[in-house]
Amino acid sequence: MLTDGSKAPKIELLDQNGKKFSLASLGKKKVLVYFYPKADTPGCTTQSCGLRDIKDDIGRTVIVGISPDKPEKQKKFDDKYELGFTLLSDTEHTVAEAFDVWKEKSMYGKKYMGIVRSAFLIQDGVVLNAWYKISPADTPANLLKALKK
């Protein structure tokens, strides 16, 4: 698991518009990278809309969401809720594995692999804050609290 002060794994994925995105291209800006299981589901919508609603309160901090959904589904999610930030498609879950958020889960006794909802505040390639198993509602609150430090 990543901890505060860890080196952030590389992120190079397609965004909701099918364009290549690289975390390194953001330079020294603070970036909230959050992982969510599936676009346009209740928890993921709460989390993403909560972040959308605090965009004006986070200065130049960049928000980047990542899920296993294809770019087209990410685009529909972005358009439907007017999120206005980058959503990345990690269909092969390589970035999720690098961040240690691709785990075995269980629902109704059935085991499967999926995203453990998590968020990371990153700056200049270093994890400033790591929040594993974060609740959808806590993501925006934790980001605001971390930025006030």
*Can you find even one residue in segment 57-80 that is in contact with a Gly (Cβ under 6 Å, 6 or more places away or on another chain) and either of a type in the set (K, R) or assigned to a strand (DSSP E or B) (or both)?*
no
*Taking the residues in segment 115-140 that are farther than 11 Å from Q47 by Cβ and among the aliphatic types (A, V, I, L, M) as candidates, determine which candidate is surrounded by the most Cβ atoms within 10 Å (Cβ to Cβ).*
I122
_Can you pull out every residue in segment 1-52 that is assigned to a loop (DSSP other than H, G, I, E, B) and among the polar types (S, T, N, Q)?_
T3, S6, Q16, N17, T41
*Filter pass, L88 being in contact (Cβ under 8 Å) with a residue 12 or more places away in the chain, within 20 Å of G50 (Cβ to Cβ) and in contact with a strand residue (DSSP E or B) (Cβ under 7 Å, 6 or more places away or on another chain)*: yes
*asked:* Restricting to segment 1-42, and then to whatever is at positive phi and touching a helix residue (DSSP H, G or I) at 6+ places or on another chain (Cβ under 6 Å), can you tell me which residue is surrounded by the most Cβ atoms within 10 Å (Cβ to Cβ)?
replied: D40
_When you scan segment 45-61, do you find a residue that is at pLDDT 95 or above, hydrophobic (A, V, I, L, M, F, W, C), closer than 19 Å to W102 by Cα and touching a strand residue (DSSP E or B) at 6+ places or on another chain (Cβ under 7 Å), even just one?_
no
*What tally of residues in segment 31-62 results from selecting those that are under 22 Å from V116 (Cα atoms) and of a type in the set (D, E, K, R)?*
3
_When you scan segment 43-62, do you find a residue that is in contact with a Cys (Cβ under 9 Å, 6 or more places away or on another chain), closer than 24 Å to L14 by Cα and surrounded by 13 or more Cβ atoms within 10 Å (Cβ to Cβ), even just one?_
no
*Would segment 92-110 turn up any residue that is under 21 Å from S22 (Cα atoms), in contact with a helix residue (DSSP H, G or I) (Cβ under 6 Å, 6 or more places away or on another chain) and not small (G, A, S)?*
yes
_Pairs where the first residue, in segment 108-120, is touching a residue at least 60 places away in the same chain (Cβ under 8 Å) and part of a strand (DSSP E or B) and the second is of a type in the set (S, T, Y) and surrounded by fewer than 18 Cβ atoms within 10 Å (Cβ to Cβ), C-beta under 8 Å, 6+ apart_ = S118/Y132
_Of everything in segment 81-104, what is assigned to a strand (DSSP E or B), surrounded by 13 or more Cβ atoms within 10 Å (Cβ to Cβ), touching a Phe, Trp or Tyr at 6+ places or on another chain (Cβ under 8 Å) and not hydroxyl-bearing (S, T, Y)? Give them in sequence order._
L87, L88
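The values are calculated or read from the model by the stated rules, or taken from the named source; none is laboratory data. All values derive from a computational prediction rather than experimental measurement. When we count neighbours, we look across all protein chains shown, and the Cβ atoms used for this are built from the backbone with ideal geometry, even at glycine.
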